[in-house]
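Below is one structure, written out as structure tokens, with a few remarks after it.
The values are calculated or read from the model by the stated rules, or taken from the named source; none is laboratory data. Since the model is a prediction, treat every value here as computed from it, not as a measurement. No Cβ is skipped: glycine too gets one built from the backbone with ideal geometry, and neighbour counts run over all protein chains shown.
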Amino acid sequence: MNTGAITKRYARALLLYTQERGSAARVCEQVRRLLRDSSKLPSKLEPDLERFIRLLAERGRTDYLRRILRCFVDMYVESVGLKNVRLITAAPFEGLEDRVRESIEKRTGCEVVIETEVDPGLIGGFRVIVNGEMMDASVRHQLQLLERQFIEKNNRIV
């Protein structure tokens, strides 16, 4: 089964349902908090989100939950005319979020919602993901490029 189709179908259904009931903004905010740190579950889920999760469990789709929720956030943000941006840094970097927001808003002419995440595996630098397109300015990526170039040059010699 195509996981992308399943993810989008359920995310769209959640978006339409919550927009119809007027709870889309609250559900989106709660989902963003859950995605940021799933170990800190709120004591009370939004009723519409709780119903949706129960539906996924009944249909055996809980394996897709994280992807569905991320897709829902992207769809919601787009539906209200914003751009969803993920900023992944190797370590907390004060001021970077503001600079990234300013730069993207200037280029796109849209207001930006930024989700930040720390991934020490990047070694240094950061990644910015806007609408599925990634700009990778991490040390890890640079090392991978060097490794690839080294392998290509050595294969020509042999």
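Odds and ends about this structure:
- Any hit, the stretch 110-128, residues being outside any strand (DSSP E or B) and either touching a Cys at 6+ places or on another chain (Cβ under 9 Å) or among the basic types (K, R) (or both): no
- Residues that are modelled with pLDDT under 95 and part of a helix (DSSP H, G or I), drawn from the stretch 27-46: C28, E29, Q30, V31, R32, R33, L34, L35, R36
- Among the residues making up the stretch 126-158, none is over 30 Å from the mean Cα position of the chain (by Cα), surrounded by 10 or more Cβ atoms within 10 Å (Cβ to Cβ) and modelled with pLDDT under 85.
- Scanning the stretch 125-158 for residues that are in contact (Cβ under 8 Å) with a residue 24 or more places away in the chain and within 30 Å of E78 (Cα to Cα) yields G125, F126, R127, V128, I129, V130, N131, S138.
- Residues (part of a helix (DSSP H, G or I) and either on the phi > 0 side of the Ramachandran plot or crowded, with 16+ Cβ neighbours inside 10 Å (or both)) located in the stretch 54-64: L56, Y64
- Look at the stretch 85-102: where a residue is within 12 Å of V130 (Cα to Cα) and a partner is part of a helix (DSSP H, G or I) and among the aliphatic types (A, V, I, L, M), sitting 6+ places away or on another chain with Cβ atoms under 9 Å, you get V85/V100; V85/I104; L87/L96; L87/V100; I88/L122.
- Condition check for F72: among the aromatic types (F, W, Y), buried (at least 17 other Cβ atoms within 10 Å of the Cβ) and under 11 Å from the mean Cα position of the chain (by Cα): yes
- Within the stretch 96-114, tally of residues that are more than 16 Å from the chain's Cα centre (by Cα) and within 12 Å of F126 (Cβ to Cβ): 2
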